[in-house]
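Colleague: Attaching a single structure in C-alpha cells format; questions to follow.
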Amino acid sequence: MTKTRRNLILNCASLVVLFGILWLFQEYGTEYQIRILNNIAVFITLAVSYNLVNGICGQLHLGPNAFITIGAYTSALLTMSPTEKQMSFIIKPLIWPLSVIQVPFWISLIMAGTVATVFAFFISFPVFRVRGDYLAIVTLGFGEVVRVLCNALQSVTNGPLGLKGLKPYTNLWWSWSIAIFTIIVIQRLINSSWGRAMKAIRENEIAAQAMGVDPFKHLMMAFLISAFFSGVAGGLLAHLITTISPTLFTFFLTFNLLIIIVVGGLGSTTGAVIGATLFAWGGEALRVVESPMDIGPIHIPGIPGMRMVLFSVILMVVIIFARRGITGRNEFSWDWLLGKLSFGSR
C-alpha cells in the first residue's frame, strides 16, 4: 500500500471516528457539553484562517474581529424573518431590501463569507502598502471602524441594541463540518506553490520578490481567504449565541485569537487547532477555581476572576518554556504518529 493511499484511509477513518463521537454527544451529551464543542469548532475555524496571514505569511494582522463582525451581522440579517426584523428595529426601520429578505442558513453563511471577502478586497490595497507595525495599526484601525459603524448605522445593524432572538441554527454538524473544511482548504493551500510563496515572503520578502514572487498578489490571496472563513465563522457564532451587538466584537476577540495561534505555534495549522481547543475548553474547565471548595478542614471561598488569573499564568509558562508555541512550525503527520507508536511498542 502506498503512503498516499494509507494516509487517505487514515484520514477518512479519523473523520468517521470524529463524527461518531459528535453523534454520541448530540444524542447523549448535555447542552453545556454540546456548547463547548461548538465553541471549539468555531474557534478552530477562526484560528486556522487567522494563522494563514499571521503565521504563514508573517504579517501582523490585527483586524479579524472586523470580518467576524461583518459575517455575524450579514448572516443574522439574512436569516431573520421580515416580522422579526420589524419587531427588532424599533428606533429606525431596517433598510430595503434587507427588510424583506430571508434565506436559508447555509446561504446566509456563504453570503457572510462573501461580504467579508468583498470588504477585505477593498481594504487590502491600502493595508498592504505598509508592513510590520504599520500594517498592524492599519488593520487594528479597520476593526475599530467596523465596530463604531455597527453602533452608528442603526438602520442596518440596529445600533447598540444589536440583534436578539436569532434562531440557534449552529449545531455540531454545521460547526465541525466547516471547521474540517477550513483545515482541508487552508492546508492544501499551504502545501501548494502559493503556500510556498507565502512562506518565502514571510522569511524574506525582498528575496522572494527577486525570485519572481509577487508579494501583493499572494498576501491579498491569503487575506481574502482568511476573511472569507472569518466571516463564515462569524455567522456560526451569531447563530450559536443567538444575540449579537457591537460590544461582542471588540479587539479582545482579536487578542484571544492572537493568543491561540502564538501558544499553539505560529505558522502551524496543527498548532492553531490545538491552541483553539485548549482555549475554548480550558477556559470553561478552569471555572472550578472560582467556586467555593473544601480541602479537608480548609475552606477556600470562590474568587471571581481567578479563572483568568490562572489562565494567564498558564499562558506565561507555555511562552517561557515553549517560545515557539506548543508545536512550533511543525505539522501533524501519520508518519510521525505511527513512528511514535512503533517506537513505543519496542
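Colleague: Counting residues that are more than 21 Å from G282 (Cα to Cα), which helices (runs of 4 or more DSSP H) fully inside the range 1-108 reach at least 2?
Modeller: 3-28, 64-79, 82-88
Colleague: Within the range 92-123, track down each residue that is among the hydroxyl-bearing types (S, T, Y), more than 20 Å from Y169 (Cβ to Cβ) and modelled with pLDDT of 90 or more.
Modeller: T117
Colleague: Looking only at the range 298-338, which residues are closer than 30 Å to T4 by Cα, among the charged types (D, E, K, R) and part of a loop (DSSP other than H, G, I, E, B)?
Modeller: R324, R329, E331
Colleague: Let me spell it out: the conditions are (1) closer than 18 Å to F229 by Cα; (2) modelled with pLDDT under 95, and F128 meets all of them except one. Which number is the exception?
Modeller: The number of the failed condition is (1).
Colleague: Report, ordered by the first and then the second residue, all pairs with beta carbons closer than 7 Å, sequence separation of six or more or different chains, a first member in the range 299-313 that is on the phi < 0 side of the Ramachandran plot and of a type in the set (G, A, S), and a second member that is modelled with pLDDT under 75 and loosely packed, with under 12 Cβ neighbours inside 10 Å.
Modeller: Qualifying pairs under 7 Å: G302/P292.
Colleague: Could you say which residue among A208, A238 is aliphatic (A, V, I, L, M), part of a helix (DSSP H, G or I) and either surrounded by fewer than 17 Cβ atoms within 10 Å (Cβ to Cβ) or over 21 Å from the mean Cα position of the chain (by Cα) (or both)?
Modeller: Testing whether each residue is aliphatic (A, V, I, L, M), part of a helix (DSSP H, G or I) and either surrounded by fewer than 17 Cβ atoms within 10 Å (Cβ to Cβ) or over 21 Å from the mean Cα position of the chain (by Cα) (or both) leaves just A208.
Colleague: Under the condition of being assigned to a helix (DSSP H, G or I) and of a type in the set (S, T, N, Q), which residue from the range 141-162 is farthest from P246 (Cα to Cα)?
Modeller: S155
Colleague: Tally time: how many residues in the range 241-272 are buried (at least 24 other Cβ atoms within 10 Å of the Cβ), under 14 Å from the mean Cα position of the chain (by Cα) and of a type in the set (A, V, I, L, M)?
Modeller: The total comes to 4.
Colleague: Return yes or no: is G195 outside any helix (DSSP H, G or I) and either in contact (Cβ under 8 Å) with a residue 24 or more places away in the chain or more than 26 Å from F105 (Cα to Cα) (or both)?
Modeller: Taking the combined requirement at face value, the residue does not satisfy it.
Colleague: Now for a separate question. Within the range 282-292, does at least one residue satisfy the condition of being touching a helix residue (DSSP H, G or I) at 6+ places or on another chain (Cβ under 8 Å), under 28 Å from V145 (Cα atoms) and at pLDDT 80 or above?
Modeller: No: zero hits.
Colleague: Another question, if that's okay. Surrounded by fewer than 21 Cβ atoms within 10 Å (Cβ to Cβ) and either more than 16 Å from the chain's Cα centre (by Cα) or closer than 16 Å to K164 by Cα (or both) - does that describe any residue in the range 37-57?
Modeller: no
Colleague: Let me ask you something else. Out of the range 150-180, which residues are closer than 30 Å to Q26 by Cα and among the hydrophobic types (A, V, I, L, M, F, W, C)?
Modeller: Of everything in the range 150-180, those that are closer than 30 Å to Q26 by Cα and among the hydrophobic types (A, V, I, L, M, F, W, C) turn out to be L163, L166, L172, W173, W174, W176, I178, A179, I180.
Colleague: Restricting attention to the range 163-179, and to residues there that are surrounded by fewer than 17 Cβ atoms within 10 Å (Cβ to Cβ) and part of a helix (DSSP H, G or I), which single residue is farthest from the chain's Cα centre (by Cα)?
Modeller: W173
Colleague: Is it the case that G296 is at pLDDT below 80, more than 24 Å from L46 (Cβ to Cβ) and either of a type in the set (G, A, S) or exposed (fewer than 10 other Cβ atoms within 10 Å of the Cβ) (or both)?
Modeller: Judged against the criteria, G296 is a match.
Colleague: Of the conditions (1) closer than 29 Å to I44 by Cβ; (2) surrounded by 15 or more Cβ atoms within 10 Å (Cβ to Cβ); (3) among the small types (G, A, S), S192 satisfies every one except a single condition; which number is it?
Modeller: Going through the list (1) closer than 29 Å to I44 by Cβ; (2) surrounded by 15 or more Cβ atoms within 10 Å (Cβ to Cβ); (3) among the small types (G, A, S), S192 breaks only (2).
Colleague: In the range 128-140, how many are assigned to a helix (DSSP H, G or I) and surrounded by 13 or more Cβ atoms within 10 Å (Cβ to Cβ)?
Modeller: Here the count works out to 6.
The values are calculated or read from the model by the stated rules, or taken from the named source; none is laboratory data. Keep in mind that what you see is a predicted model, and the values were worked out from it rather than measured. We place every Cβ from the backbone using ideal geometry, glycine too, and count neighbours over all the protein chains shown.
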